């Protein structure tokens, strides 16, 4: 009986182990490339139309999406990931790759670019203390996003494509990026605070 139970236990443990995940890079590209190009193409079309209403609308919607994703990633996903096993975290990381690697840089770039064109269209003074503060915060977000966040996502993507064998590395980089998303959320809320001044004219 002991031998039977022991063999059953070993079988269960063996079957419960997750097989190293090997991502289909072509599937990731098919899902990711539209996320990369759609925001950029929409912005280009709006700029070509020279319609300020659509430009400001796009800037508001794109900024809201960017902030919403950082809220979701930095708080909710980060909280969920902390309660999972490394293999489960790796599985979630593979599902997040198209969004984190392709869509986040695209929506961030489109939002910032649209904001610059909105400021130019409204002939805002770039020496305004509020606009200077926004510029400093945006530069910080760009540095965090393109110097730390994006390279981490590329490293995660390469690990996943090669079989996700280094689970610790994938988990560590994913958690770093989720923490960075929380930091970006704080910076974006600071920008929104400044935007409220531009919308209302009321000083802080």
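Taken together, the values in this text are just the output of simple stated rules run on the coordinates, not laboratory data. Predicted model only: the values in this text are computed from it and were never measured. Here Cβ is always computed from backbone atoms with ideal geometry, including for glycine, and neighbour counts include all displayed protein chains.
Here 155, 89 are placed in order of increasing Cβ neighbour count within 10 Å, fewest first, which gives 155, 89. Look at where the Cα atoms of region 37-113 and of region 119-157 average out, and the two centres are 15 Å apart. Panel order for 200, 113, 94, by other beta carbons found within 10 Å of each beta carbon, from fewest to most: 200, 113, 94. When 109, 90 are sorted by how many other C-beta atoms sit within 10 angstrom of their C-beta, beginning with the fewest, the order is 109, 90.
Taking the C-alpha atoms only, the angle from helix 25-49 to the longest principal axis of the chain is near 10 degrees.
Per the Cauchy relation, a quarter of the hull surface: what is the mean projected area of the convex hull of the alpha carbons in region 66-196, in nm²?
On the way: hull surface 31.1 nm².
In nm², the orientation-averaged hull projection of region 66-196 is 7.8.
Relative contact order for the chain: 34 percent, from Cα pairs under 8 Å spaced at least 6 residues apart, divided by residue count.
Could you state the angle between the C-alpha long axis of helix 129-143 and the longest principal axis of the C-alpha atoms of the chain, as a value from 0 to 90 degrees rounded to the nearest 10? Once rounded, one gets 30 degrees.
Per residue of the chain, what 222 nm ellipticity follows from adding -39500 (n - 2.57) for every DSSP H run with n ≥ 4, rounded to the nearest 500? Provide the component values of the computation, followed by the final result.
On the way: 9 runs with 156 residues, N = 204.
That comes out to -25500 deg cm²/dmol.
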